[in-house]
Amino acid sequence: MSGYADLKLGAKVIEGKTKIIYDLESHPGKVLVESKDRITAGDGARAHDMAGKAKISTSTAAAVFKLLNDAGIRTHFIQPHEERSFIALKCHMIPIEWVTRRVATGSFLKRNAGVEEGYRFCPPKLETFYKDDANHDPQWSFEQCVAAKMNFAGVTIGANELHVMEKMTVTIFEILEKIWASLNCSLIDMKIEFGVVDGTGEIVLADIIDSDSWRLWPSGDKRLMKDKQVYRNLTEVTSEALDTVKRNFEWVADQLQHLVTQPRGRVVVFMGSASDSKHGDKIKSTCSELGIPCDLRVTSAHKQTEQTRRILAEYEGDGVPTVFVAIAGRSNGLGPVLSGNTVWPVINCPPLTPDWGAQDVWSSLRMPSGLGCTTVTDPEAAALAAAQILALTDHMIWSKLRARQLNTWVALVEADKKLAAH
């Protein structure tokens, strides 16, 4: 817990039904989020003590936030503290629950008569609810959210801010949906909240994400649900029933601990000459940003064909999913030779020069019959194309790519907002 060994709690910021937030006197701008051994439903109408729930919730939240942080999503989470608490940025919470639905079930069916349970939303369905227990968290439209003119830490929640939260909400859902799918679980729906970071005005994913936050169906089977709906559905809350709910929550936390969190694939760059290293380094740099291992090798398909095939066989033989990138100028024999001797994807990325670039590129574009390698001339784009291929079967790479797209989108919105203000 580097930098947080000397925690000194300050004032209680707020206490809710299932957690307490404390200022950290020793670390201004940070808070301690401490969970309670308490489970509630129906705006607190049903509530019970559940020994051990705080530890389970904290374990689940820490794992989820770490996955999202690693993918590139902006959150308030910093690091776990003790088994019941974690350290986070201090945020002014925006009192809107953002609900994303992949499958129609639960309250959506009650509010939308005629929709059959199991209807699949593509893209995911997004809804917003104003946090107000006394009025049972009424559903708000986008226009109502704008009209409220909420202001937190000097940030007015207008159309731009709401659009950013919309985009973030769907992306967060899709990332967690992919992650759970890798464990043969269907993320049916989920609710999250955002906050404005104290001192910076940045809008980030905040609050807590645990088994209270979603519907989760193993193998896509509602009968196997592992979420709080089991508690909501109880006609009588007995100690045995609460034990079942607790075991479900423990199962969720345990699954997240065993999740594969590192990319399983890799990119291997074959360069026809050591002089191509600058081009190769750009590909490797982009791969590194996405957490993808990338090897650089030098071999000439024209001058040492057998050596090229031997190196290729090394990578094919260890079973790691691989995308090959061929960097060769002038007459590109490297890409075609690789493509003709492997069934794994090959991308040509020729290092074009001002003098002969227009002519050289044709040796990468014009392939012999029977070969399927593609050509991308920009090294960053070649790395991204390789990543997208790997993302078809790798949830971690997919998540990083999706978060990267989100952050590009948000940066453009923020740039536009800044220019429009002048």
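Ratio of the range 308-418's C-alpha Rg to 2.2 N^0.38 Å, to two decimals? Before the final figure, lay out the partial values.
Working: Rg = 16.9 Å, N = 111, 2.2 N^0.38 = 13.2 Å.
Output field value: 1.28.
Hey, with R₀ at 56 Å, roughly what FRET efficiency would Gln359 and Ser219 work out to, going by the Cβ-Cβ distance, to 0.05? Present the calculation step by step, with values, prior to reporting the outcome.
Working: r = 56 Å, r/R0 = 1.00.
About 0.50, to the nearest 0.05.
Relative to the Cα centre, what is the charge dipole magnitude of the range 1-64, using +1 at the beta carbon of each Lys and Arg, -1 at the beta carbon of each Asp and Glu, and rounding to the nearest 20 debye? Before the final figure, lay out each step's value.
Numbers: 10 positive and 8 negative charges, 40 e Å.
Approximately 180 debye in magnitude.
Only Cα pairs under 8 Å and at least 6 apart count here; give the relative contact order of the chain as a rounded whole percent.
Working: 753 pairs, mean separation 50.9, N = 422.
For the chain, the relative contact order is 12 percent.
Counting only protein heavy atoms and using a 1.4 Å probe, what share of the accessible area of the range 43-184 belongs to carbon plus sulfur, as a whole percent?
Carbon-and-sulfur percentage of accessible area, whole number: 50.
Quick one: 3J(HN,Hα) in Hz for the range 120-127, Karplus 6.51/-1.76/1.60 with θ = phi - 60°, rounded, Gly and Pro as x.
9, 8, 9, x, x, 7, 10, 9
Could you grab the relative contact order for the range 217-362? Cα pairs under 8 Å, six or more apart, rounded to a whole percent.
Numbers: 181 pairs, mean separation 28.3, N = 146.
That works out to 19 percent.
Expressed in nm², what is the orientationally averaged projection area of the convex hull enclosing the Cα positions of the range 61-161? Before the final figure, lay out each step's value.
Values: hull surface 36.4 nm².
Mean projected area of the Cα convex hull: 9.1 nm².
Report the trypsin sites (Lys or Arg not before Pro) located in the range 366-422 that are in a DSSP loop and have at most 11 other Cβ atoms inside 10 Å of their Cβ, or state none. Let's see the in-between values first.
Working: sites: Arg366, Lys400, Arg402, Arg404, Lys417, Lys418; in loops: Arg366.
Answer in residue order: Arg366.
On a 1.4 Å probe surface of the protein chains, which of Tyr130, Tyr231, Tyr4 comes out largest in accessible area, and what is the full order?
Values: Tyr130 65, Tyr231 0, Tyr4 30 Å².
Greatest to least solvent exposure: Tyr130, Tyr4, Tyr231.
How large is the Kirkwood hydrodynamic radius of the chain, in angstrom, based on all distinct alpha carbon pairs? Could the numbers behind the result be given before it?
On the way: mean 1/r = 0.0412 Å⁻¹.
Roughly 24.3 Å, rounded to one decimal.
Using 0.36 nm times the number of residues separating Lys303 and Ala113, minus their current alpha carbon distance, what extension gain do you get? Don't skip to the end; give the middle numbers.
Working: separation 190, 0.36 × 190 = 68.40 nm, distance 7.06 nm.
Gain on stretching Lys303 to Ala113: 61.3 nm.
So what is the accessible area of the chain per residue, in Å², with the probe set to 1.4 Å?
Details: 20090 Å² over 422 residues.
Per-residue accessible area for the chain comes out at 48 Å².
When a/c reaches 1.5 or more, the comparison of a/b and b/c decides; with that in mind, is the range 360-415 rounded, prolate or oblate per its Cα gyration tensor?
Values: a/c = 4.51, a/b = 1.79, b/c = 2.51.
Oblate is the answer for the range 360-415, as a/c is 1.5 or above yet b/c matches or exceeds a/b.
So how exposed is Cys294, as accessible area in Å² (1.4 Å probe, rounded to 10)?
Surface open to solvent at Cys294 totals about 10 Å².
Return the subset of Lys12/Lys417; Lys17/Lys90; Lys110/Lys228; Lys66/Lys226; Lys17/Lys400 for which the Cα-Cα distance in this structure is over 27 Å, preserving the input order.
Numbers: Lys12/Lys417 35 Å; Lys17/Lys90 19 Å; Lys110/Lys228 18 Å; Lys66/Lys226 21 Å; Lys17/Lys400 34 Å.
As for pairs spanning more than 27 Å Cα to Cα, those are Lys12/Lys417; Lys17/Lys400.
For the range 344-422 and the range 55-108, what is the separation of their Cα centres, given in Å?
So the two Cα centres are separated by 31 Å.
Considering all projection directions equally, how large on average is the shadow of the alpha-carbon convex hull of the range 147-282, in square nanometres?
Details: hull surface 57.2 nm².
So the Cα hull casts an average projection of 14.3 nm².
Between Phe142 and Arg330, what is the spin-label point distance in nm, taking each point 7 Å from the Cα along the Cα→C-beta axis?
Simple spin-label model gives 5.6 nm for this pair.
How large is log10 of I(q)/I(0) for the range 188-265 at q = 0.12, 0.17, 0.27 Å⁻¹ when the intensity is taken from the Debye formula with one equal scatterer per alpha-carbon?
After summing over all Cα pairs, the log10 values are -0.49, -0.81, -1.26.
Tell me the GluC sites (Glu not before Pro) within the range 68-158 that lie in a loop according to DSSP and have at most 14 other beta-carbon atoms within 10 Å. Please list the in-between numbers first.
Working: sites: Glu82, Glu83, Glu97, Glu116, Glu117, Glu127, Glu143; in loops: Glu82, Glu83, Glu116, Glu117.
Filter output for the range 68-158: Glu82, Glu83, Glu116, Glu117.
Can you tell me the length gained on complete extension of the stretch Val413 to Lys17, counting 0.36 nm per residue apart and subtracting the Cα distance? Can you show the working numbers first?
On the way: separation 396, 0.36 × 396 = 142.56 nm, distance 3.56 nm.
My answer for the length gained is 139.0 nm.
Pop out the carbon and sulfur fraction of the accessible area of the range 316-371 as a percent, whole number, probe 1.4 Å. Could the numbers behind the result be given before it?
On the way: 1610 of 2840 Å².
Roughly 57 percent, rounded to a whole number.
Looking at the chain, which Cys residues are left with no other cysteine's beta carbon under 4.7 Å from theirs?
Cys with no partner Cβ under 4.7 Å: Cys91, Cys122, Cys145, Cys185, Cys349, Cys373.
Identify, among Asn332, Thr169, Gly154, the residue whose Cα sits farthest towards the positive end of the charge dipole of the chain, taking +1 on the Cβ of Lys and Arg and -1 on the Cβ of Asp and Glu, with the dipole about the Cα centre.
Projecting each Cα onto the dipole axis, the largest value belongs to Asn332.
Just to verify a number: FRET efficiency for Leu234 and Gln388, C-beta to C-beta distance, R0 = 45 Å, to 0.05? Working shown, then result.
Working: r = 45 Å, r/R0 = 0.99.
So, using R0 = 45 Å, E works out to roughly 0.50.
With a 1.4 Å probe and all protein chains kept in place, how do Glu306, Glu161 rank by accessible area, largest first?
Numbers: Glu306 105, Glu161 20 Å².
Listed by decreasing accessible area, they come as Glu306, Glu161.
Round to the nearest 10 and report in Å² the accessible area of Phe86, as given by a 1.4 Å probe over the protein chains' heavy atoms.
So the heavy atoms of Phe86 present about 0 Å² to solvent.
Assuming R0 = 45 Å, can you tell me the calculated FRET efficiency for the pair Ser288 and Ser26, based on Cβ-Cβ distance, to the nearest 0.05?
On the way: r = 35 Å, r/R0 = 0.77.
In this case the efficiency is close to 0.85.
Could you rank Val413, Val115 by how accessible they are, 1.4 Å probe, largest area first? Don't skip to the end; give the middle numbers.
Values: Val413 25, Val115 50 Å².
Of Val413, Val115, the descending order of accessible area is Val115, Val413.
The values are calculated or read from the model by the stated rules, or taken from the named source; none is laboratory data. Bear in mind that the values here come from a model prediction, so they are computed numbers and not experimental data. Positions of Cβ are generated from backbone atoms using ideal geometry, with glycine treated the same way; all protein chains shown enter the neighbour counts. With ligands, DNA and RNA removed, areas are computed over all heavy atoms of the protein, side chains included. Shrake-Rupley method; radii C 1.70, N 1.55, O 1.52, S 1.80 Å.
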